[in-house]
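K.L.:
Mind having a look at this structure? Questions to follow.
Readers should treat all values here as calculations from the given coordinates under stated rules, not as data from a laboratory. Note that the structure is predicted; figures quoted are calculated from it, not measured. When we count neighbours, we look across all protein chains shown, and the Cβ atoms used for this are built from the backbone with ideal geometry, even at glycine.
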Amino acid sequence: MERAIVKTKRGESAGRLLMKLDQIGIRARIAKEEPEAILLAEGEIDEVSIKTMPEVDQVTKVKLPFSLASREWHKKDSIVNIAPGISVGGGNVLIIAGPCAVEGKEQIVKTAQSVKRSGALALRGGAYKPRTNPYTFQGLGIEGLALLAEAKKNSGLPIVTEIMTPEDIDFMLPHTDILQVGSRNMQNFSLLKALGKVDKPVLLKRGMMATIDEWLQAAEYIMAGGNFNVILCERGIRSFEKRTRNTLDLNAVPLVKSLSHLPVIVDPSHGTGKSELVPSMSLAALAAGADGLIVEVHPNPQEAVSDGDQSLDLEEFDKLMKAIKRLLSVIPEKTLEGSKCSVAA
């Protein structure tokens, strides 16, 4: 069984093309409708005959199981727009910073203002926290989302926060700019399918036991639903090593970028579990070709309710951002795009 991705000409009927393909024994479905429709087709693919159909602009045979996410079909790097003046991919570097969990107004607003001054382009903060231990802090929930909105108002930074179930999507959409799928939910297929129907970027973290192909096929679930705004995040995999929380798989960055057009960022905080390793691994990730970082930052890591050991304090993050800017100055194809929003007093 051969597979292909078929792109229609602008303004042409995808429905009519579906019927024509069906008549020649090719099963197809629409993955994305605007502005030109993208169809996933299976059967005996004759590229020449399909290309002659007046509705068709492009036909690409694909072999990889993550067809839409692959470079077989889309050769150029994809760029995902986050907010006005902020994007990731295609040379645009995205730095996301903030605490593991939202703990209170002073904590999240202070962090947001500080990381913005240092050069971060988005604020991370967990309102809902999936935890291995059911008795540890699980997040502030709706209150946490309200505090993230307050931090955004004060800093101008777009918000990145984790979503755990399909039922949460509707009420979280107005309060976040990037919906994060955590490592434990990478193969929550019901959630991935639901996120395929939203018009908002999705940050997809690699599962702690996932192969590269499994990770990219998880991204395919989202894209097959019509949402092509997917950002991949390498956050370390579980191995036999006990000195670090995880093994940060940086060779995954150039490997994935050779297979997929999607932007790839790195989480050195979860990848190492040790704050003293975060700066060096952050720079190594960018040198390896990563399109950005998501770093845990807390005003007082010793008092953090979760992940304090892997969090930088505000001064340490500022020092890291200075090092990042120096590194990017010698990587001509990478640009740290800044937000035009000003920090509130």
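K.L.:
Expressed as an acute angle from 0 to 90° and rounded to the nearest 10, what is the orientation of the C-alpha long axis of helix 212-224 relative to the principal long axis of the chain?
P.N.:
Tilt relative to the chain: about 70 degrees.
K.L.:
Taking a 18 Å limit on the Cα-Cα distance, which of the listed pairs LYS116/LYS153; LYS129/LYS193; LYS205/LYS334 fall beyond it?
P.N.:
LYS129/LYS193; LYS205/LYS334
K.L.:
Here's something else I'd like to know. Stokes-Einstein D for segment 75-148 at 4 °C, 1.567 mPa s, Kirkwood Rh over Cα pairs, in µm²/s?
P.N.:
On the way: Rh = 13.9 Å.
D = 93 µm²/s.
K.L.:
How far is helix 14-23 tilted, in degrees, relative to the longest principal axis of the Cα atoms in the chain, given as a value from 0 to 90 rounded to the nearest 10?
P.N.:
Helix 14-23 sits at roughly 50 degrees to that axis.
K.L.:
Along its principal axes, what span do the Cα atoms of segment 227-312 show, with the longest given first and each in whole Å?
P.N.:
Its Cα atoms span 40, 30, 23 Å along the three principal axes.
K.L.:
What is the extension gain from THR136 to PHE171, computed as 0.36 nm multiplied by their sequence separation minus the C-alpha to C-alpha distance, in nm to one decimal?
P.N.:
Result for the pair: 10.1 nm of gain on full extension.
K.L.:
Further, regarding this structure: For LYS105, which aspartates and glutamates qualify as cross-link partners when the Cα separation must be under 13 Å and same-chain residues fewer than eight apart are set aside?
P.N.:
Reachable aspartates and glutamates: GLU143, GLU150.
K.L.:
If the reach is capped at under 22 angstrom between alpha carbons, list the lysines near LYS9, excluding any in the same chain fewer than eight residues apart.
P.N.:
Filter leaves LYS20, LYS32, LYS51, LYS61, LYS75, LYS76.
K.L.:
Which whole-number percentage describes the relative contact order of the chain, with Cα contacts under 8 Å and a sequence gap of 6 or more?
P.N.:
Rounded, it is 18 percent for the chain.
K.L.:
Looking only at the chain, where both bridge partners belong to it, what percent of the DSSP beta bridges are antiparallel (to the nearest 5)? Write out the running numbers ahead of the final one.
P.N.:
On the way: 23 of 50 bridges.
Counting DSSP beta bridges with both partners in the chain, the antiparallel share is about 45 percent.
K.L.:
A follow-up question, please. Would you calculate a helix-derived [θ] at 222 nm for the chain, using -39,500 (n - 2.57) for each DSSP H run of n ≥ 4 and dividing by the full residue count, to the nearest 500?
P.N.:
Working: 11 runs with 105 residues, N = 345.
It comes out at -9000 deg cm²/dmol, rounded to the nearest 500.
K.L.:
Under the Karplus relation 6.51 cos²θ - 1.76 cosθ + 1.60, θ = phi - 60°, what is the ordered set of whole-Hz ³J(HN,Hα) values for segment 117-124, x standing for Gly and Pro?
P.N.:
Listing the rounded values in order: 4, 6, x, 5, 10, 8, 10, 9 Hz.
K.L.:
Angle between the Cα long axis of helix 278-287 and the longest principal axis of the chain, 0 to 90 degrees, nearest 10?
P.N.:
30 degrees
K.L.:
Longest span of the chain, sites excluded, free of trypsin sites (Lys or Arg not before Pro) in DSSP loop with at most 11 other C-beta atoms within 10 Å?
P.N.:
The longest such stretch corresponds to 77-241.
K.L.:
Moving to a separate point now. Which is the longest stretch in the chain that no exposed loop site breaks, taking sites as chymotrypsin sites (Phe, Trp or Tyr not before Pro) with a DSSP loop state and at most 15 other Cβ atoms within 10 Å?
P.N.:
1-134
K.L.:
Under 5 Å between amide H atoms, partner at least 5 residues away or on a different chain: which partners does ILE294 have, H built in plane at 1.01 Å?
P.N.:
Amide H neighbours of ILE294: ILE96, VAL266, ASP267.
K.L.:
Oh, and also: How big is the gap, in Å, between the Cα center of segment 64-100 and the Cα center of segment 105-155?
P.N.:
Between the Cα centre of segment 64-100 and that of segment 105-155, the gap is 23 Å.
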